[in-house]
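Presented below is the structure to which this report refers.
The values are calculated or read from the model by the stated rules, or taken from the named source; none is laboratory data. Here the structure is a predicted model, which is why all the values come from computation and not from measurement. Virtual Cβ from ideal backbone geometry, glycine too; neighbours counted across all protein chains shown.
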Protein chains: 4
Amino acid sequence: MSDLIPPYHHPDFSTPELTSAPVVSTEASPADGVVPRNFHGTSNYPEYVHLGGGRWVLAPESRMDSVLVLDGDQLEVVEARRVRKGQRVVVGRTENGEEGIYVHTTGFEPEGQEATDKFAFRTRGTRETPFSRSYDELYQVLRHDRDHGHIVWVLGPAVAFDKDSRAAMQGLIENGYCHALLAGNALATHDLEGGYFRTGLGQNIYSQELQPLGHYNHLDILNEVRRAGSISAAIEQLQIRDGIIYACEKQQVPYVLAGSIRDDGPLPEVIADVYRSQDTMRAHARKATVVMALATQLHSIAFGNMVPSYRVEADGSVRPVFFYIVDMTEFSADKLANRGSAQAQAILTNVQDFMVNLWNNLKDS
Amino acid sequence: MSDLIPPYHHPDFSTPELTSAPVVSTEASPADGVVPRNFHGTSNYPEYVHLGGGRWVLAPESRMDSVLVLDGDQLEVVEARRVRKGQRVVVGRTENGEEGIYVHTTGFEPEGQEATDKFAFRTRGTRETPFSRSYDELYQVLRHDRDHGHIVWVLGPAVAFDKDSRAAMQGLIENGYCHALLAGNALATHDLEGGYFRTGLGQNIYSQELQPLGHYNHLDILNEVRRAGSISAAIEQLQIRDGIIYACEKQQVPYVLAGSIRDDGPLPEVIADVYRSQDTMRAHARKATVVMALATQLHSIAFGNMVPSYRVEADGSVRPVFFYIVDMTEFSADKLANRGSAQAQAILTNVQDFMVNLWNNLKDS
Amino acid sequence: MSDLIPPYHHPDFSTPELTSAPVVSTEASPADGVVPRNFHGTSNYPEYVHLGGGRWVLAPESRMDSVLVLDGDQLEVVEARRVRKGQRVVVGRTENGEEGIYVHTTGFEPEGQEATDKFAFRTRGTRETPFSRSYDELYQVLRHDRDHGHIVWVLGPAVAFDKDSRAAMQGLIENGYCHALLAGNALATHDLEGGYFRTGLGQNIYSQELQPLGHYNHLDILNEVRRAGSISAAIEQLQIRDGIIYACEKQQVPYVLAGSIRDDGPLPEVIADVYRSQDTMRAHARKATVVMALATQLHSIAFGNMVPSYRVEADGSVRPVFFYIVDMTEFSADKLANRGSAQAQAILTNVQDFMVNLWNNLKDS
Amino acid sequence: MSDLIPPYHHPDFSTPELTSAPVVSTEASPADGVVPRNFHGTSNYPEYVHLGGGRWVLAPESRMDSVLVLDGDQLEVVEARRVRKGQRVVVGRTENGEEGIYVHTTGFEPEGQEATDKFAFRTRGTRETPFSRSYDELYQVLRHDRDHGHIVWVLGPAVAFDKDSRAAMQGLIENGYCHALLAGNALATHDLEGGYFRTGLGQNIYSQELQPLGHYNHLDILNEVRRAGSISAAIEQLQIRDGIIYACEKQQVPYVLAGSIRDDGPLPEVIADVYRSQDTMRAHARKATVVMALATQLHSIAFGNMVPSYRVEADGSVRPVFFYIVDMTEFSADKLANRGSAQAQAILTNVQDFMVNLWNNLKDS
């Protein structure tokens, strides 16, 4: 594993430019949820502020498009909507120390750089990019971080539509490969429908057959869970014995179901307020060492916005956060990059196969 | 226009099967937000219930995956989550009168049916399907319903990213072609950024150039609107003079901004609770005669779930609701169909061109 | 396996319509490569012609968009470009016996038909369709037809770009799962580059790294094979020891490399004349019992046009030909259907994962 | 227009590195169609070789993945398959003069370079990229090069499937905006079917209706043209009066129909040998100043391989060749870039709309 986790280099703060950098400035927020005009917006890279006397402090974690609130020596990354009137917000939009702020984009990169050809094929990642090593690295990362990290899964509903991929996800949860699961009402509802009726939206998850009156399965499972009052009570009463949500409940893996305007039902645990959903998701973003974002553009980009590219461990060491996105289209991967999550690694395929491959490899280890 | 709106045929309730149909049954809901086990789930087709003595009543409007609540002779289509304990809910899952319920899927179809070849090319709609007539019909529909209908636009953010398509949408609003606009925080924010900075997420909406520090434009516009307290106050203070939201404000066209977990900011008008968003959107679904759903899978499917395939006019006549979905992929159109909105007509293209084409044709009429 | 191969029902020629059907008519072709104006065009379904006295003859194989040439009692399906002046061509465009021609589309369907709901989710196949059973059936089909059928692979270049999928294809060939391979210059060139340089178009097939001057690998392998004079000589001289083409050569599995206007080189074995390529491919189409078409729209549709939906075995029994298409987009699968190959079964995924899954399952059997 | 055509800067050959560069080396080709092992492979950039005494010669045109043949002072870019035994081929794989070869990638770039932000949204082009200026520039380019350049269109069949886009292409040809048209058998066949039957593969090009027995239209038009012996004779005899091919014939615009393994028919003018097709297409590549590649991956990449990024005018001045690719997916645009045509500018949309937009703008100028 040590090969997989590249060492982190802090910036060299002894250069003339940085030794002469001013102390960072702050301004008071003028109102709740409003920040000073010249606020510094955070990226997902490690960012440092100069507190004076050559003392640069690294933000303990980060989030895209938020602000730095300074309270004494305490530096916190806060969404603008959560800033309270009067809090001191770091101001300045330079990134190389000119205003006491340093954004460090190359901390995990090895020294040295190869010359580049003037002409090359295949400079862009697509579905034709070879993914063998991506898988091999992923297997190692997951095996390591099962015990030494925090693996967060962000799942679109398609994972629950197929018998084998649903079983693979269940296996991963039961074997410790999932420390938190983020999804929407649909994933959980389809999964519970699969557990009770063997269908997803009325289509058999194995045979593809559309069941007669099958669309009622979707509505009935919602009604039954609402009648039971909670997912855990419903699993008990309906004697559901397999699936993704079942495994989370049994293994006590926390899951967050963020509501959306597409929801039927919803299930009782679904969070109706999207900003409360964000806050709940971000609690996991702060802990994540690996993110597996599968077949959901909405949740992937939402969580991508929240996840720093690094994590400061308890012993003060800094490691990267791995972010994998699995999707069928270049567009989704590009969109994640275009919203700032440039470090996300795309594997372009159907999540059904992805899950089966993953589980085939990890189940015996 | 009369050619475009096909006449509606009520079912023939004088057939032996239907004259002998029983009166519809109801059961009381056992708890708030929970419905009886054998509830009848609604489709987006016209549905009738038999109240006795051969009196069949058409639901005044509909919504996919909801239930029928009967209060005396009053028939209402209600989401299960909104049903209150004790309300009488129609039960039964047959569709041809066996339990006093009739689902009418062919009301707008002409009589007679052609023989089908055993072999044919091009039975599935794709990007290669010719759309010339779709456009011509659409122009006619929009011209007619500008004055005699209720045109609802459901917009993804891409519409605001391009100067010409943004101007086209502004033109359509200013010329009466939009009676309500449904979108998310992103569309409105990008549009206001376009109005103030000429960029969308920092990229010039005309030249494609990425502005230095351009990603701040996105954050700054959010901060400024939050500081102003409302979109309308911000438009005033920032002297924004064009764009989609500007046009809505000026023309007093209602718009609904439904929150999502991807939101930055958000703008003050964004609705945080997704079920309140649904309720607000559905108020427009009840009035819609044309739906234009552009470049947003989330909002298109959400609204598709809410929109009936028909509308009962004030004079009791029944007309179809036209539902156009414009997207780049067969997958999005198929997904809408797979979620029950089979009547949606897909035009597979980039919304930028779609908007420009539309406006070129409608602007002089 | 017997479960997998549905029994075939000949049409019932004893119905009044068919007993009174006229003898089929023919006309002489007016010139080489030109057919009579009222020619009958073939589909990929079983087609019968009435030779008189109630004797209906099934075409021994078929091909889309060709004609039926009758020579005495001998019925042959011939591309119009290959018809010679004076040959007798079946005329008539009806399909139910009216002119002595019967197109049989339901020979493999079970009797009886279920009632259809008026409303259903998920009527269209997409990437979200569950493929578990498709895989399970495919495993069985391939195991059976390895010994009792003729499995034809149609490969796009992406199969050779990834180390694991390339090795999986090699394994399948070496274990008897491939009776013929159809591809273009690119697949073979990339595969040989992989064998000699471990790259595909200069990108390492495992690590994804772009090699310095890597685009020369592509050109060099072409030059070396051309210098050697043949692929087999080059494999010998360059000591290539793995890969798809290597396995074909070693196992004496025939392969057809059809030229295209995109070709560099080309390799010496590539066929320059596209109609000679068609003829060579069709020789395999006549024998195929399973077609695996992966990640190539051009070759998939080309071969789809040539493959009948049925095969008449030596003992006169009729079985279906299974046609699997593996691609990333609904568009490709739809396009194949839109060009007449409606029986093709789509598995929407990345071929890399598809190959790895397949081989994981088949390698130990 | 002068704004649109950036000035070209030759390299500065007076730098110490280049003044000390050796004379370029050549080796004799060992056999027909085989080149020396250390051959220099060309890109689509301007490339210079040092002939001695500080005299650097620019290749008069170029082609990706070919070689430089030197005959006295004459430098020619030749595909390896066309090199004859004994011809002198430039050898060396360095690009900065080390072996007397200089590849010039920045000749059209303005001096100076902006600093880059560490963090930015939207660095990758997608369907959400604004295309307004791309269109505006394209209009100007086409207006200018109608009279002063050579505009080559590379068309996929979808252009002929829709009435309006087919008419737009006809209009462009008739108004001088097309100096050569490259396509396959399908485009021409569908277009002629449209002219004779008003269908494309049996589907009405306006109403989308599938005609009864419509698939015969495709076969019948092929048979009729083959009967007539040539496209021009068929247009005469069948009294075809509109369409793309009709316009080419009437305006005497040359067109190349390259055969492929998917072809039915084919039409008499289709070239069966793919390398002869390449040679014929390349004759147009040498003259092209603008390439419009629409909705065809095969032909776009094939032609992209042949087109230099620059053209030397009669007066010795050097100008860029504009290459536009119009397609629905990021994958196609990325693939073109991954095959070396990095300068191609993508417009991601449906070609139907693209054509209509283009023609609406150009028709009155």
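Would you confirm, using the coordinates I've provided, whether A:Ile245 is out of contact with any Leu (no Cβ under 7 Å at 6 or more places or on another chain), under 26 Å from A:Thr349 (Cβ atoms) and crowded, with 22+ Cβ neighbours inside 10 Å? No; evaluated as a whole, the condition is false for this residue. Against the list (1) in contact with a helix residue (DSSP H, G or I) (Cβ under 7 Å, 6 or more places away or on another chain); (2) within 14 Å of chain A (Cβ to nearest Cβ); (3) not β-branched (Val, Ile, Thr), the condition C:Glu137 fails is (1).
Please work out if C:Tyr324 is in contact (Cβ under 8 Å) with a residue 12 or more places away in the chain and farther than 30 Å from A:Ser165 by Cα. No; evaluated as a whole, the condition is false for this residue. For the structure I just gave you, tell me whether B:Gly176 is modelled with pLDDT of 95 or more, more than 10 Å from chain D (Cβ to nearest Cβ) and in a helix (DSSP H, G or I). Answer is no for this residue. Within segment A:289-302, if we keep just the residues that are among the hydrophobic types (A, V, I, L, M, F, W, C) and within 8 Å of chain B (Cβ to nearest Cβ), the residue that is nearest to C:Thr126 (Cα to Cα) turns out to be A:Leu298. Considering segment B:186-201, the residues that are among the charged types (D, E, K, R) and within 12 Å of chain D (Cβ to nearest Cβ) include one that is nearest to B:Pro266 (Cα to Cα), namely B:Glu193. C:Arg81 meets the conditions (1) of a type outside the set (A, V, I, L, M, F, W, C); (2) at pLDDT below 95; (3) surrounded by fewer than 21 Cβ atoms within 10 Å (Cβ to Cβ) in every case but one. The failed one is (2). When segment C:303-330 is filtered for residues that are within 14 Å of chain D (Cβ to nearest Cβ) and touching a helix residue (DSSP H, G or I) at 6+ places or on another chain (Cβ under 7 Å), the ones remaining, listed by number, are C:Phe303, C:Gly304, C:Met306, C:Val307, C:Asp327, C:Glu330. The single condition among (1) basic (Lys, Arg); (2) more than 25 Å from D:Arg282 (Cβ to Cβ); (3) touching a strand residue (DSSP E or B) at 6+ places or on another chain (Cβ under 6 Å) that D:Arg63 does not meet is (2). Tell me yes or no: at least one residue of segment C:191-201 is touching a Ser or Thr at 6+ places or on another chain (Cβ under 8 Å), buried (at least 23 other Cβ atoms within 10 Å of the Cβ) and modelled with pLDDT of 95 or more. Yes, because at least one residue in segment C:191-201 is touching a Ser or Thr at 6+ places or on another chain (Cβ under 8 Å), buried (at least 23 other Cβ atoms within 10 Å of the Cβ) and modelled with pLDDT of 95 or more.
Out of C:Pro36, C:Pro6, C:Pro46, one residue alone is in contact (Cβ under 8 Å) with a residue 40 or more places away in the chain, touching an Asp or Glu at 6+ places or on another chain (Cβ under 6 Å) and either surrounded by 16 or more Cβ atoms within 10 Å (Cβ to Cβ) or within 17 Å of C:Arg311 (Cα to Cα) (or both). It is C:Pro36. Taking segment B:47-77 on its own, how many of its residues are farther than 14 Å from B:Pro22 by Cβ, charged (D, E, K, R) and in a loop (DSSP other than H, G, I, E, B)? Result for segment B:47-77: 4. Among the residues of this structure, C:Glu99 counts as one that is touching a Pro at 6+ places or on another chain (Cβ under 7 Å) and in the same structural domain as C:Phe39 (by TED's automatic domain parsing). Taking segment B:135-151 as the range and being crowded, with 18+ Cβ neighbours inside 10 Å and either within 18 Å of B:Trp359 (Cβ to Cβ) or not assigned by TED's automatic domain parsing to the domain that holds B:Gly184 (or both) as the test, the residues that pass are B:Tyr135, B:Leu138, B:Val141, B:Leu142, B:Asp145, B:Arg146, B:Ile151. Of all residues in segment C:331-365 being polar (S, T, N, Q) and in contact with a Lys or Arg (Cβ under 9 Å, 6 or more places away or on another chain), which is farthest from the other protein chains (Cβ to nearest Cβ)? Only one residue tops the list, namely C:Ser365.
Under the condition of being in contact with a helix residue (DSSP H, G or I) (Cβ under 8 Å, 6 or more places away or on another chain) and either modelled with pLDDT under 95 or more than 30 Å from C:Val67 (Cα to Cα) (or both), the residues counted in segment C:97-132 number 14. From A:Glu61, A:Glu27, grab the single residue that is in contact with a Pro (Cβ under 6 Å, 6 or more places away or on another chain) and under 15 Å from A:Glu99 (Cβ atoms). After applying the criteria, what remains is A:Glu27. Of the strands (runs of 3 or more DSSP E) lying entirely inside segment D:78-163, those carrying at least 2 residues that are touching a residue at least 24 places away in the same chain (Cβ under 8 Å) and under 28 Å from D:Tyr324 (Cβ atoms) are D:151-155. Tell me, yes or no, whether segment B:101-117 has at least one residue that is under 25 Å from B:Val307 (Cβ atoms) and within 14 Å of chain D (Cβ to nearest Cβ). Yes - at least one qualifying residue is present in segment B:101-117. Residues in segment C:202-243 that are at the interface with chain A (Cβ under 8 Å from one of its Cβ atoms) and either in a helix (DSSP H, G or I) or free of Cβ contacts under 8 Å to residues at least 40 places away in the same chain (or both): C:Gly202, C:Asn204, C:Ser207, C:Gln208, C:Leu210, C:Pro212, C:Leu213, C:Gly214, C:His215, C:His218.
Pull up segment B:268-288, narrow it to residues that are assigned to a loop (DSSP other than H, G, I, E, B) and surrounded by 22 or more Cβ atoms within 10 Å (Cβ to Cβ), then point me to the one that is nearest to the other protein chains (Cβ to nearest Cβ). This residue is B:Val270.
Selection over segment D:244-267 of residues that are within 14 Å of chain C (Cβ to nearest Cβ) and not hydroxyl-bearing (Ser, Thr, Tyr) gives a count of 11.
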